[in-house]
Amino acid sequence: MNICVIGTGYVGLVTGVCLAKAGHKVNCYDIDQGKINLLCKGVVPFYEPGLKELVMETLSSGTIEFTSDLLLAIEDCPLVIVAVGTPCRENGEADISQVIAAVKDLACLLNSYKVIIIKSTVPVGTCTYIENVIRQNMKNCCKIDVVSNPEFLREGSAIRDMLYADRIVIGSDSQEAIKVIKEAYIPFGRLIFETSRESAELIKYASNAFLATKISFINEMASFCEKVGADIKDVAKGMGFDPRIGFQFLKSGIGFGGSCFPKDLKGLIKAGEKIGYDFKIIKEALNVNEIQKIIPIQKLRNILGDLDGKTVALWGLSFKPDTDDIREAPSLDIIAALLNKGAAVKVFDPIAQDKVKDIFPQVISGQNCYDTVSGSHAVILVTEWEEFKNVDFMKVKSLMAKPVIIDGRNLLDAQELKEMGFVYLGIGRK
C-alpha cells in the first residue's frame, strides 16, 4: 500500500519507518525542509534505539521517501496519517494547532478518496472537529473518512512497540475506512480493536492517566514505608503477585516525566473542566509526582545540612533510559533546586547531557560516571541507565568528598553499598 505520513517527529518517523519496514511504500512529509534534508541523508534528529539503522535500511530499499512537497507525498496514497505534535499549553490544554494547520493544507489538495488517520494524541471530539475543518477547506468534492488511531509508543522501545503492538485501536464507523487500515496493519498481525472515534481518542488518555496514577500510588506507599520501617521493593513485589494488580509500573522512584504522562494528564484535566467534570484522582497523581521529584533534595539536606558550597553529582538526566528526551524530566527540577540552594552541580548522561547543558549552562558536564563524582559530596542516581549498575563503586568512593548516594530509582544494591561504607538512601527503602 502507498501511505503518506504527515510529520517526522517522534511518532511520525517511527510510524513511517516501521510501515516501510513492513513492505509498504511510505512518503514522509514535513514542512521543515531542513529536517527533510537531514532525513534524506539518514540523519535522525533525536535518539531512539534502532531508529537510525531502520531509516538507513528503508532508504536503501526504496520503501521510504522524505519530502516537503505535500502534493507529491499524498499522490496515490489512499491512507494519510497525521502525526504532528500536540504540546501542552500553559493552562494544561492540548494545543492542536499543528493538527489543524496540517489538515487545512491537506484539504486543499484532496481530489480522491482518502482515509485520514489522526494518530496525534488529541482531546475527545477532535476527529469530528477535524472532519469539519477538512470539508470546509476542500477545493474538490471527494469522499473522505477521518479515523482515530492513537499511538502507544514508549520512548526507548518504540520500534518494537510499533512492529509488535499489543493492540491497534481504530476509531471509526466507516467499514470502508476500517478495511483500508486493516490492510495497512496486516504485516503486524496484532489484535485490532474497533470502536467509535470518541472512545479511541479517550483510550490513549485513559491508559496514560491510569499508568501515571499507578506510579504515583506506589510512590505514596514508598513515602509511608520510610516512616514505618517497611521496604517498598518487598511491598510492591508482594502486591504484584496478585494478577489483578501485576508487577508493571510498581517501581517507586522520583516520579515520571517525558512527553506523554504529564501532558496527557493535564490535557484530560482541562478537558474535564470544559464540561464541568473534576478529575480528582488524576489531579492528585500529578500533585504526588511533583512532590516526588524533589525528595532527593530533602534527603540530601538531612544528611549534608546546608547545601550552599556543596558539590552534587547527577547520574542520568533523561526522563527514562534509552532516550534523549528531557521533557518534564525530574533531573530539571533537581538541578534547579540544587542551584537555588547554592550547590555546584555536576552531571553525566550517556545521551541527554548536551540538552540539559543548554538549559543550565552553569552545570559541569562529566565525561563519565567517575569524572562526574570526583570531589562531590553526594551523587543522585536520577535515570536508571543500565551502565550505572556496573560501576566500580570502590573507585567511586575513593573519588568522592563524601560517600553519599541517593538512589532515585532503587537501582542499586543497598546492602552492598552500605557494607562498602556508603551512606545510601533509596526511595521507600527500609
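Evaluate region 40-61: report whether one residue or more is more than 24 Å from the chain's Cα centre (by Cα), assigned by TED's automatic domain parsing to the domain that holds Tyr185 and outside any helix (DSSP H, G or I).
Our first condition is that a residue be more than 24 Å from the chain's Cα centre (by Cα); within region 40-61, this holds for 40-41, 57-61.
Narrowing the set further to residues that are assigned by TED's automatic domain parsing to the domain that holds Tyr185 leaves 40-41, 57-61.
Within this subset, residues satisfying the condition of being outside any helix (DSSP H, G or I) are 41.
For region 40-61, residues more than 24 Å from the chain's Cα centre (by Cα), assigned by TED's automatic domain parsing to the domain that holds Tyr185 and outside any helix (DSSP H, G or I): present.
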Subset of region 18-51, residues under 15 Å from Asp69 (Cβ atoms) and among the charged types (D, E, K, R), comes to Asp30, Asp32, Lys35
Expected output for region 342-368 (first residue in the same structural domain as Leu381 (by TED's automatic domain parsing) and in contact (Cβ under 8 Å) with a residue 60 or more places away in the chain, partner surrounded by fewer than 13 Cβ atoms within 10 Å (Cβ to Cβ) and basic (Lys, Arg), Cβ below 7 Å, 6+ apart or cross-chain) is none
Note on region 85-110: residues more than 16 Å from Leu71 (Cβ to Cβ), in contact (Cβ under 8 Å) with a residue 24 or more places away in the chain and not in a helix (DSSP H, G or I) are Gly85, Thr86, Pro87, Cys88, Asn91, Gly92, Glu93, Ala94, Ile96
Picking from Ala209, Ala200, the residue that is surrounded by 21 or more Cβ atoms within 10 Å (Cβ to Cβ) and touching a Leu at 6+ places or on another chain (Cβ under 7 Å) would be Ala209
Among Val17, Val99, the single one that is in contact with a helix residue (DSSP H, G or I) (Cβ under 9 Å, 6 or more places away or on another chain) and either under 30 Å from Leu286 (Cα atoms) or aromatic (Phe, Trp, Tyr) (or both) is Val99
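Can you give me the ranges of the strands (runs of 3 or more DSSP E) entirely in region 112-205 with at least 2 residues that are within 29 Å of Arg89 (Cα to Cα) and at pLDDT 95 or above? Step through it out loud before you land on a result.
On the way: elements: 114-118, 144-148, 168-171, 192-195.
Correct list: 114-118, 144-148, 168-171.
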Taking region 289-331 and keeping residues over 18 Å from Met400 (Cβ atoms), surrounded by fewer than 19 Cβ atoms within 10 Å (Cβ to Cβ) and of a type in the set (A, V, I, L, M, F, W, C) leaves Ile291, Ile294
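Answer yes or no as to whether Ala343 is surrounded by 16 or more Cβ atoms within 10 Å (Cβ to Cβ) and closer than 26 Å to Glu226 by Cβ.
On the way: surrounded by 16 or more Cβ atoms within 10 Å (Cβ to Cβ): yes; closer than 26 Å to Glu226 by Cβ: yes.
Yes, satisfied.
The values are calculated or read from the model by the stated rules, or taken from the named source; none is laboratory data. Worth saying up front: this structure is predicted, and the values here are computed from it rather than measured. All Cβ positions, glycine included, derive from the backbone under ideal geometry; neighbour counts span all protein chains shown.
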